[in-house]
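Enquirer: Before anything else, here's the structure in question.
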Amino acid sequence: MHEVGVEIGYRPNGTLIMALTEDGRERFVRPVLDSSYAPTEMQDLNAAQIGQKMQGLIDPARVHSAAYNPHGIQLDTKLAMGVLTGQISELGGVFRSNTRVTAVHDADDRVAIETDQGSLEADGVIVAAGAWDNQIISGLGWKLPLLRVVATRIVTDDRGLPSTIPTVQCRELRLWLRETFGAVMWGTGRHYKPLYKTNDSEIEPGQPHNLELMQETFEQELAELQTVFPPLRGSTIASWAQGVPCYTPDNGLIVGKVPGSDNIVVVGGDNESGVTHGPGLGRLSCELVLGQTPFVSAERFRVDRYASDAFKSEAEIEAAMPAWGARHEASRFGREA
């Protein structure tokens, strides 16, 4: 998409997986360095080397070490989606914007799609509605075990940062941070909140706008973060956004035909890996709905690995996650986690 020539905020600058302490290094950095999947170009950086690579974004006196993966990239998803939809249109794709899908159901050997603008029919359907998957497939008699969580990202005012800085992950802070058009974008898992614990348990399609949660994130995190990241000192909020990633009890993706339906494939449970896994998920779901041999086995992603009534509530899903996902710190929602 970058090669199309339209700005999408593409930065092929790599990713820094950083530790603040020796304990953090052993828990979070060393497993990355020692992974059999680590590229041969992976670098083990000390504090001084981190300071040099991060060009003023990180105070080397406040960190211990890091794994640097030079293959990490970043992009602005909103800009990228604009390019992607343009390419789909050029290939003959048709978009029906501002049209709400209310249900899908089998209609003989086709699929009926009910919308607030009328009905459509198709040979096959892929339901990839994220936090609203279960609303769309409710008429099919199946429910996915999805824990919907509100995630917040804050963008500062322009801090004059160069566009050559790697993205940052720090598990000790449960932090994601990156440069974006001279500013800093950041967010922490310590202020992720399951949707059922908010006042917005049923939200309209689109991005949530929980101002209280955003302010809580900013006020409780900034004091600590600015000691490590000097450009955050004196920064103001230029913009902020929230999304609703969906987690599953085993931290696994869901991709497959809805049980009982031959022509409806559902994709869900991104576990906050939707952007990185999106191309693979798109290809796999298309191959399944077209009846083609999938390029990877979909067995581990199958929809019916949990019964439709396995969990009575999202609270039960959250409670189950530590037992099956402790390695990933699945119970990380909230500062006490």
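Enquirer: Given region 118-190, what strands (runs of 3 or more DSSP E) lie entirely inside it while holding 3 or more residues that are under 18 Å from Ala241 (Cα atoms) and at pLDDT 95 or above?
Expert: Numbers: elements: 118-122, 125-127, 147-156, 167-170, 175-180, 183-188.
Those strands (runs of 3 or more DSSP E) span 147-156, 175-180, 183-188.
Enquirer: With (1) at pLDDT below 85; (2) assigned to a helix (DSSP H, G or I); (3) touching a helix residue (DSSP H, G or I) at 6+ places or on another chain (Cβ under 9 Å) as the list, and Ser331 as the residue in question, which single condition is left unmet?
Expert: In the conditions (1) at pLDDT below 85; (2) assigned to a helix (DSSP H, G or I); (3) touching a helix residue (DSSP H, G or I) at 6+ places or on another chain (Cβ under 9 Å), Ser331 misses (2) alone.
Enquirer: Can you find a residue that is over 23 Å from the mean Cα position of the chain (by Cα) and of a type in the set (Asp, Glu) anywhere in region 131-145? Reasoning before the result, please.
Expert: Of all residues in region 131-145, those over 23 Å from the mean Cα position of the chain (by Cα) come to 138-142.
Remaining after also requiring of a type in the set (Asp, Glu): none.
No - not one qualifying residue is present in region 131-145.
Enquirer: When you go through Gly56, Gly5, Gly24, Gly9 one by one, which is the residue that is surrounded by 13 or more Cβ atoms within 10 Å (Cβ to Cβ), of a type in the set (Gly, Ala, Ser), out of contact with any Leu (no Cβ under 7 Å at 6 or more places or on another chain) and closer than 21 Å to Gly182 by Cα?
Expert: On the way: Gly5 fails: surrounded by 13 or more Cβ atoms within 10 Å (Cβ to Cβ); Gly24 fails: closer than 21 Å to Gly182 by Cα; Gly9 fails: out of contact with any Leu (no Cβ under 7 Å at 6 or more places or on another chain).
From the options Gly56, Gly5, Gly24, Gly9, the qualifying one is Gly56.
Enquirer: Tally up the residues in region 62-92 that are exposed (fewer than 13 other Cβ atoms within 10 Å of the Cβ), hydrophobic (A, V, I, L, M, F, W, C) and part of a loop (DSSP other than H, G, I, E, B), please.
Expert: Matching residues across region 62-92 total 1.
Enquirer: I'm trying to understand the selection: among the residues of region 235-253, which are in a loop (DSSP other than H, G, I, E, B) and under 19 Å from the mean Cα position of the chain (by Cα)? Step through it out loud before you land on a result.
Expert: Of region 235-253, the ones in a loop (DSSP other than H, G, I, E, B) are 235-236, 244-245, 248-253.
Hits for region 235-253 are Val244, Pro245, Thr248, Pro249, Asp250, Asn251, Gly252, Leu253.
Enquirer: On to the next question. Mind listing whichever residues of region 31-52 are more than 20 Å from the chain's Cα centre (by Cα), touching a residue at least 12 places away in the same chain (Cβ under 8 Å), farther than 23 Å from Thr180 by Cα and outside any loop (DSSP other than H, G, I, E, B)?
Expert: Scanning region 31-52 gives Leu33, Gln43, Asp44, Leu45, Asn46, Ala47, Ala48.
Enquirer: Name, by its number, the condition in (1) surrounded by 14 or more Cβ atoms within 10 Å (Cβ to Cβ); (2) over 18 Å from Met18 (Cα atoms); (3) at pLDDT 95 or above that does not hold for Arg233.
Expert: Failing condition for Arg233: (1).
Enquirer: Please identify the pairs in which a residue from region 180-209 that is without any contact (Cβ under 8 Å) to a residue 12 or more places away in the chain has its Cβ atom under 7 Å from the Cβ atom of a residue that is of a type in the set (D, E, K, R) and part of a helix (DSSP H, G or I), counting only partners at least 6 apart or on another chain.
Expert: none
The values are calculated or read from the model by the stated rules, or taken from the named source; none is laboratory data. All of these numbers come straight from a predicted model, not from anything done at the bench. Every residue, glycine as well, gets a Cβ built from its backbone with ideal geometry; the counts of neighbours run over all protein chains shown.
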